[in-house]
Amino acid sequence: MASTTQPKNGQIRVIIIGAGLGGCAAAMAMHHQGFHVTVFEKIKKFLRLGDSLGLGENALKLLKRWGLHEQLINIGNRSPDMHIRRWSDGKILATQPLMDMAGYIGHRGDYHQAFLDRVAELGIDIKMGHNVVEFDEDRPAVKLESGEWIEADIVIGADGIKSQTRELVLGFADKPKSSGYACYRAYFKGDILRSVPECQPILVKDCVNIWIGPDMHLVQNTLRDGEEFNWILTHKDDEDIKESWFQPGDMDKVRELVKDWDPMVISAVNETRECLDWKICYRDPIPTWVSQSHKIALLGDSCHAHLPTSAQGASQATESAAVLALCLKLAGKGNVPLATRVYEKLRFERVRQAQLNGEDVRDRWHNCLKDLEEGKEVDPDDVKMKNRWLYVFDAEADTLEKWDKVSELVKKELEEGQITPLFDDQTGPTRDLELYDAFGNRKEESKYIPKKQQPVAAH
């Protein structure tokens, strides 16, 4: 995956830390704008890890411009619709186009490999097994474990929720926090369920079903006409976060949680041999995504992690990559501080709303059936996902539209040496969600989303 090309005279040099989905999206976006890109990844080799992941149309329209589209469509679930069901008996409460959830849903590892393959096709240098251990934010430069220093015009930290770059930007260690929830996750060959009568309706072709109940929900995804099968059970969890929050799950605990659920769920869980216990971690929004020198910027989970119910983590990282790349192009090689500071101002409110949207759908799913009067039906709108408003957005077009106004504001802040934080430290980031219906139409009112994240002890 290496490239032997050297930066051309006047070409912006970009270092990206991390070759996950966000890092690869950043690499493609930067290349698209004509920059010289080098990616450092501490892992020596990627494996097909994870399970279901979705890419929304807001990300796909950008990726298509970067030469990656049909490959992704071929990976995703081909079901036209998804069903939201009652936990106890599987009654369908609402049906929506699957695109309303997260676009095309497929295996995270397959999507990641498609991203990596496209980066390789573009001749972008990904240096696997290269761990960044130190930063010089003024040059800017990164130091590798070998002791070698590498300089660039900008360094981008796309190194995930455990981001080392984030600590540099903040100036202190910032530990992940518990969301108060955990997921049991299983992904396996559908053949395991071939002889289970209760599972046949969800095994014969691609489908997505979501069972919702008090304080729990289960998402089921059938891919490749039953060749692969995935379920994810989200439940309340108050355990402290360990240094690693992926661990083998206890299937007996899972079976106990769903023992009174729809027989279709019980049967699929009973036949599942193993699962992962994944603590859903969260990071509080931070008042800046950019270092004091303005030359190191964060992207993706390192600065705007999303809960799984947002179904927007990878898509928002892709948007951020597009915006940062275009800001660098518009600002020019000698004006990286202008680009990075405009970037964070353009992105913050958008990703904040996507984050709150994920919290809202989780809370609606976990509470709508509580204390429901006997014989009363749930309003389908109360349980539907409301992501469609996110998909019409074009991150590059939005950047071009707002560049003049926001860049003038940032120029003034840079001249005065006073950068306005992304939110007031006293009041914190907004928790008011702008409401949309399931068709993407804006409602007049907003909704306050109570904060549930609690800090946990560091280990």
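The values are calculated or read from the model by the stated rules, or taken from the named source; none is laboratory data. Computed from a predicted model, the values in this text were never measured in an experiment. Here Cβ is always computed from backbone atoms with ideal geometry, including for glycine, and neighbour counts include all displayed protein chains.
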(message) Of the residues 252, 225, only one is surrounded by fewer than 21 Cβ atoms within 10 Å (Cβ to Cβ), at positive phi and outside any loop (DSSP other than H, G, I, E, B); which?
(response) 225
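Residue 409: within 30 Å of residue 334 (Cβ to Cβ), touching a helix residue (DSSP H, G or I) at 6+ places or on another chain (Cβ under 6 Å) and surrounded by 12 or more Cβ atoms within 10 Å (Cβ to Cβ), yes or no?
no
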(request) Can you confirm whether the stretch 53-64 contains a residue that is within 20 Å of the chain's Cα centre (by Cα) and free of Cβ contacts under 8 Å to residues at least 40 places away in the same chain? (result) yes
(message) Looking at the structure I just gave you, is residue 372 at pLDDT 95 or above and not hydroxyl-bearing (Ser, Thr, Tyr)?
(response) no
(request) Run residue 136 past the list (1) buried (at least 19 other Cβ atoms within 10 Å of the Cβ); (2) more than 22 Å from residue 29 (Cα to Cα); (3) of a type in the set (D, E, K, R) and report the number of the one that doesn't hold. (result) (1)
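Please specify each residue of the stretch 425-438 satisfying the condition of being exposed (fewer than 11 other Cβ atoms within 10 Å of the Cβ) and either touching a residue at least 24 places away in the same chain (Cβ under 8 Å) or under 16 Å from residue 352 (Cβ atoms) (or both).
425, 427
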(message) Test of understanding: among 159, 125, 138, which residue is over 28 Å from residue 281 (Cα atoms), in contact (Cβ under 8 Å) with a residue 40 or more places away in the chain, touching a strand residue (DSSP E or B) at 6+ places or on another chain (Cβ under 7 Å) and among the charged types (D, E, K, R)?
(response) 125
(request) Go over the candidates 291, 267 one by one and state the one that is touching a Ser or Thr at 6+ places or on another chain (Cβ under 9 Å), modelled with pLDDT of 95 or more and hydroxyl-bearing (Ser, Thr, Tyr). (result) 291
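Considering only residues that are under 30 Å from residue 75 (Cα atoms) and aliphatic (A, V, I, L, M), look in the stretch 139-167 and name the one that is surrounded by the fewest Cβ atoms within 10 Å (Cβ to Cβ).
Of the residues in the stretch 139-167, the ones under 30 Å from residue 75 (Cα atoms) are 156-163.
From what is left, the residues that are aliphatic (A, V, I, L, M) are 156, 158, 161.
On the way: 156: 32, 158: 30, 161: 15.
My answer is 161.
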(request) Test residue 108 against the stated conditions and say whether it is of a type in the set (D, E, K, R), surrounded by fewer than 18 Cβ atoms within 10 Å (Cβ to Cβ) and in contact with a strand residue (DSSP E or B) (Cβ under 7 Å, 6 or more places away or on another chain). (result) no
(message) under 16 Å from residue 174 (Cβ atoms), surrounded by fewer than 24 Cβ atoms within 10 Å (Cβ to Cβ), of a type in the set (A, V, I, L, M) and in contact with a Cys (Cβ under 8 Å, 6 or more places away or on another chain): which single residue out of 280, 286 fits that description?
(response) 286
